[in-house]
1. Could you list, in sequence order, all residues of the range 214-232 that are of a type in the set (S, T, N, Q) and either surrounded by 10 or more Cβ atoms within 10 Å (Cβ to Cβ) or touching a strand residue (DSSP E or B) at 6+ places or on another chain (Cβ under 6 Å) (or both)?
2. Could you grab the pairs with beta carbons closer than 9 Å, sequence gap of 6+ or different chains, first residue in the range 69-95 and within 17 Å of residue 133 (Cβ to Cβ) and assigned to a loop (DSSP other than H, G, I, E, B), second one basic (Lys, Arg) and at pLDDT 65 or above?
3. Can you pull out every residue in the range 21-45 that is among the small types (Gly, Ala, Ser) and free of Cβ contacts under 8 Å to residues at least 60 places away in the same chain?
4. Within the set of pairs 6+ apart or on separate chains, which have a first residue in the range 392-405 that is without any contact (Cβ under 8 Å) to a residue 12 or more places away in the chain, a second that is within 9 Å of the ligand (Cβ to nearest atom) and in a loop (DSSP other than H, G, I, E, B), and C-beta atoms under 7 Å apart?
5. Under 7 Å between Cβ atoms, which residue pairs at least 6 apart in sequence (or on different chains) link something in the range 367-378 that is in a loop (DSSP other than H, G, I, E, B) with a partner that is near the ligand (Cβ under 7 Å from one of its atoms)?
6. Considering every residue within the range 321-339, establish whether at least one is in contact with a Gly (Cβ under 9 Å, 6 or more places away or on another chain), within 16 Å of the ligand (Cβ to nearest atom) and not in a strand (DSSP E or B).
7. Pairs only if they're at least six apart or on different chains, beta carbon under 7 angstrom, first in the range 414-437 and modelled with pLDDT under 75, second more than 7 Å from the ligand (Cβ to nearest atom); list them, first residue then second.
8. In this structure, is residue 389 more than 16 Å from residue 446 (Cβ to Cβ) and surrounded by 17 or more Cβ atoms within 10 Å (Cβ to Cβ)?
Amino acid sequence: MSLRQRLVMLQVVLAGALALVGLLVIESMQRALMSDADDILAVRAASVAAEVQAMQGRPSRSGIPAGLRLDPRFAEEVGGSGVYVQVSTPDGNVVRTSRNLSGGQLPVVTAEHLPAKSDDGVFSTVTVGADRIRLLSLRVGPSTDPMAVVQVGVSLHQIDTAIRGLVRLIVLGGGAGLLGAMLATWLLVGRFLAPLERIARTAEYIAESGDANTPVPSASGGEVAALSRSLNRMVDRLRGLIRSQQQLLADTSHELRNPLTVIRTNLSMLRRDLPETVRSEIVDESEAEAGRMSRLVSDLLLLAQLDTGQGIEQAPVRLDQVVPSVVGAVRNAYPDRIITVRLPVVPAILLGDSDRLRQVLSNLLENAIRYSPAETDVDVSLDVAGDHVELAVQDRGSGIAPDHLPHIFDRFYRVDKARSRSTGGAGLGLAIVREIVEAHGGTVSASSEPGRGTRFSVLLPVERSWSTGQLERAPVAASADPLPHRSAAT
Ligand code: ADP
């Protein structure tokens, strides 16, 4: 059942419940009005009965038993306010009727038809002509020797008319209101749902065709507009992801094709009759290319793991101990370079993956060495400031031009492709740095002055809940690989 039909159904159910409440109200109103009429009748019947009793014992005239002779004015008074009065002998002979009966009679009840215990009379509702009459029949005198039967009645015409009017109002007014509300709901919900249906159709089309270039139709104002905006943002992101996946695939194929071409050419050359020294050079070159491919695949695998949130351990790390360890390993790999280190006086403790953090510093240091002249220094500093530690690597190399700076953390981005290729980088080192740092809740940035050098700054949140004492007792992962990223393969 559609949302539209459900809403209309809900209205019908609500209207039914309201009608039921209305009927209950009418019913209790009718009962209250009837009870008022009964009270009036009881008072009137009692007065008439008292009058009849007062007449008892007076001499009889004009054939009417003495006890039943009622003062005509009294009967008029009693009947004046729309109450019918009728007095009859116990065996059912009507001896007096009020003038408002206009010569007619109320349905007669004899004394023997009134139950012996009914001293207060018996109420009944009878139909006379077109009217319903509420009737109270009261025996005067003891049941063994009744003197007369007094009957008082009142027309229920007004009560019935009022109740009928109310029922008509509820049925007609409520019905018309319900129909109007159902129609309005149907139209309004239809109007409200139309953009939703358009959005759903577009989303369905995008899901089926994979065409993320189709914009989700926008709607004006309200929740539907918000939904359309959110979906458009999602589709934009999807488009970006698809594009970057395609780019990644193209870049990866491109990067793998070059070493593969070199290796294939070298293998075919090895079939030829070549001097031993040339053969050895060809094998060396093929090994270097295979190493490049292997590094590339490892980097891509690591990036894929970082993308899916895997590959990062969560353990306390003393960065002030990790930094000198990595610098030591880099110094061993590049003994001709001068690397200065400045460490904080307090321990720099954070929660993360010690091996991956080693990789961050190692990648930054290797870049600093690669992209700066051999005779220049590289400075590493670690500072604890407030809630963060800052790890910085400064070189005095050629620097990075401002238009390249925003892209250097992108995958496969290389400023000077030819030069980077000769040094072995595929443009993934800084992308890995950024992914690792962000997985630790930190940020990385670069500032550079072309010709004067580049400074990379990594900000990471410190772990305050761990004391130095706890850390010393905890097993801190020590890397078996001194340079996790590049030294193993170079
Ligand atoms: P690569 O493997 O090419 O080094 P990276 O992602 O590590 O890839 O670096 C991306 C690009 O940023 C490099 O190709 C290089 O052009 C530039 N770059 C990185 N570090 C530095 C630096 N310290 N000085 C100058 N340029 C740098």
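The values are calculated or read from the model by the stated rules, or taken from the named source; none is laboratory data. Please read all numbers here as calculations on a predicted model, not as lab measurements. Heads up, the Cβs are rebuilt from the backbone with ideal geometry, glycines too, and the neighbour counts pull from every protein chain shown.
1. Within the range 214-232, the subset of a type in the set (S, T, N, Q) is 214, 218, 220, 228, 230, 232.
Scanning the range 214-232 gives 214, 218, 228, 230, 232.
2. Taking only residues 6 or more apart or on different chains, the pairs are 81/44.
3. If we filter the range 21-45 for residues that are among the small types (Gly, Ala, Ser), which is where we start, we get 22, 28, 32, 35, 37, 42, 45.
Answer for the range 21-45, where residues must be among the small types (Gly, Ala, Ser) and free of Cβ contacts under 8 Å to residues at least 60 places away in the same chain: 28, 32, 35.
4. Between residues of the range 392-405 that are without any contact (Cβ under 8 Å) to a residue 12 or more places away in the chain and residues that are within 9 Å of the ligand (Cβ to nearest atom) and in a loop (DSSP other than H, G, I, E, B), the close pairs are 404/415.
5. 371/395; 371/397; 371/398; 372/395; 372/397; 373/397; 376/395; 376/397
6. For the range 321-339, residues in contact with a Gly (Cβ under 9 Å, 6 or more places away or on another chain), within 16 Å of the ligand (Cβ to nearest atom) and not in a strand (DSSP E or B): absent.
7. Hits for this filter: 424/292; 424/490.
8. On the way: more than 16 Å from residue 446 (Cβ to Cβ): yes; surrounded by 17 or more Cβ atoms within 10 Å (Cβ to Cβ): yes.
Against the criterion (more than 16 Å from residue 446 (Cβ to Cβ) and surrounded by 17 or more Cβ atoms within 10 Å (Cβ to Cβ)), residue 389 qualifies.
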